[in-house]
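Enquirer: Okay, handing you the structure first.
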Amino acid sequence: MRGDGPSSPLPHPHPPCRCKDPPAVELLIRLRPPRRYEVQVRGAFLYELIEEIRNRINKGLRVAETAVREVKGVKDPEATITRLRERYRTALRVGIIDSREDLELVLLALELDAALLSSDTGIFTWAEKLGVRLLHPKGIFTLAASVKEVFASCGGHRESPGSEENIPPVP
């Protein structure tokens, strides 16, 4: 049954195409959050993530120490504060999963055995460590062209709502 619970897929906003092959976009896109309590990751991944976080905290401390040393004798510390924020953000956030949304993307791709498309180096790095298939953002143009071709082969149309006979259910 669709729509039961947080891990169920959302209903399609448009009825499926009735041509022989469904549009590739319906085969590729699935809207739902990951099953947070069911997805399993290797313990080694967690150890590596914790070690990376610890190293980044230490980098952040060194960046702050450098900024404090730079500000001595400076009449206008705003430039130093700006540099501190920039360097601190880079030290702590670039190249790591730094938000719940990033983690959800990686976990959902792992759970669904799906490819992940992102230009975020943190998502890319940590998804790769879990064995998630990755697509480079430049590859999206090729993918979009193939989806367009499949849609065009359906006549570029959608059947009217309510004509859902012989349409397989969404998993």
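Enquirer: For K75, state whether it is at negative phi, in contact (Cβ under 8 Å) with a residue 40 or more places away in the chain and not aliphatic (A, V, I, L, M). Before you say what the answer is, go through the steps one by one.
Expert: Values: at negative phi: yes; in contact (Cβ under 8 Å) with a residue 40 or more places away in the chain: no; not aliphatic (A, V, I, L, M): yes.
Considered against the rule, which asks whether it is at negative phi, in contact (Cβ under 8 Å) with a residue 40 or more places away in the chain and not aliphatic (A, V, I, L, M), K75 comes out as no.
Enquirer: May I ask you to list pairs of residues, at least six apart or on different chains, whose Cβ atoms are under 7 Å apart, with the first in the stretch 54-68 being of a type in the set (G, A, S) and the second being in a helix (DSSP H, G or I)?
Expert: G60/Y88; G60/A91; G60/L92; A64/L84; A64/Y88; A67/T80; A67/R83; A67/L84
Enquirer: Let me ask you something else. If only one of E101, E86 is surrounded by fewer than 14 Cβ atoms within 10 Å (Cβ to Cβ), acidic (D, E), at pLDDT 85 or above and closer than 27 Å to V41 by Cα, which one is it?
Expert: Values: E86 fails: closer than 27 Å to V41 by Cα.
Among E101, E86, only E101 is surrounded by fewer than 14 Cβ atoms within 10 Å (Cβ to Cβ), acidic (D, E), at pLDDT 85 or above and closer than 27 Å to V41 by Cα.
Enquirer: Do you know which residues across the stretch 80-127 are at positive phi and either part of a helix (DSSP H, G or I) or out of contact with any strand residue (DSSP E or B) (no Cβ under 9 Å at 6 or more places or on another chain) (or both)?
Expert: Step one: filter the stretch 80-127 for residues at positive phi, giving 95, 113.
G95, the sole residue that qualifies.
Enquirer: Can I ask one more? Looking at this structure, is V71 modelled with pLDDT under 85 and either out of contact with any Phe, Trp or Tyr (no Cβ under 9 Å at 6 or more places or on another chain) or farther than 25 Å from R100 by Cα (or both)? Break it down stepwise before answering.
Expert: On the way: modelled with pLDDT under 85: yes; either out of contact with any Phe, Trp or Tyr (no Cβ under 9 Å at 6 or more places or on another chain) or farther than 25 Å from R100 by Cα (or both): yes.
In short, yes.
The values are calculated or read from the model by the stated rules, or taken from the named source; none is laboratory data. What you are looking at is a predicted structure, and each value in this text was computed from that prediction instead of being measured. Glycine gets a Cβ as well: all are built from the backbone with ideal geometry, and neighbour counts include every protein chain shown.
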